[in-house]
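Take a look at the structure set out below.
The values are calculated or read from the model by the stated rules, or taken from the named source; none is laboratory data. All of these numbers come straight from a predicted model, not from anything done at the bench. Note that we place each Cβ from the backbone using ideal geometry, even for glycine, and neighbour counts take in every protein chain shown.
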Amino acid sequence: MASKKKLRREKQPHENRNLGERTQIRSLPLEPRSAKQRCLLTNLQHKQLVFTLGPAGTGKTYVATRHACTQFRTRQIDKIIVTRPMVTAEEDMGFLPGEPHDKFAPYFAPVREILEEDLGRSHVENLLKLRRIEIAPIAFLRGHTFKNAFVIFDEAQNTTEAQMRLFLTRIGEGSQVVVGGDLDQIDIPGPSGLADAIRRFGTLPEVGVTEFDVRDVVRSGLAQKIVRGYK
C-alpha cells in the first residue's frame, strides 16, 4: 500500500520552492524532424546568438521555443522573452484594439501554443503573470538588458538596421538569443536589418547560422508544395 501511495505522489506536479509555483514536466524530448532542424538544435546548444532563416513550416520557431523550454525547465535561464517587429503585409499594430500588451497577443499566439504544449497552459499563464515569460514588441525593448534569459526574436526580416542594432545590443550575461525570419518575405521598404546583421556577425565564433529552404518544410506535404509554388 505504501508503495502505491508513493507512486501516486510521484505522478503529481512537483513544487518549485523558489517560485512557490506548481509545475508539471510532461513534454517529450525534442526530436528534430530534418537534418536542418538537427543543425539548428546543435547551434542552440553551443552558440549564444543563433540566426535561423527560411520559409514558413520548416520548424524554425518550434525548435527554438522547445529548446527555450528545456533551458527554463532545467533552470539554465530565469526567463523567456518573445519579441518581433509590429509589421505585417496588411496593417500595423495601431489598427488593433486595446493596450500594447493586448495588441501584441495575437502575434505571440504561435509561440504561446508551443510553450503551452511543452510547459502546460496553466503554468504558462502563471509565468506570464510573474513575468518569467515576457512578450513585447521590439520598440518596447529600449533600455532593457537580456540577462539570464532566452530571447526569441521572430519575423526579424521586417526590422530596419537601426532596430536590429537596438535589439542585439541588449544581449547580456547568461542570455541566449535566437533571431529568425524569411528574407523572401520582407514587408518593409529599404534594407532588412536581419540580412545586415548576418553579414556583419555571422562568422563570429559565438554566432551560429542555420538556413532552411523549401525542401525542409515539415508542416505537411501540401504546405511544402505551396511554398515551392510561391517560390
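What to note about this one:
- Qualifying positions in region 103-138 - surrounded by fewer than 17 Cβ atoms within 10 Å (Cβ to Cβ) and under 16 Å from residue 64 (Cα atoms): 109, 110, 113, 116, 117
- Selection within region 172-191 - aliphatic (A, V, I, L, M) and either farther than 23 Å from residue 54 by Cβ or free of Cβ contacts under 8 Å to residues at least 60 places away in the same chain (or both): 186
- Across region 45-61, the qualifying residues are those that are of a type in the set (A, V, I, L, M) and within 15 Å of residue 211 (Cβ to Cβ), and the one among them that is surrounded by the most Cβ atoms within 10 Å (Cβ to Cβ) is 50.
- Helices (runs of 4 or more DSSP H) fully within region 127-231 counting 1 or more residues that are at pLDDT 90 or above: 161-168, 193-201
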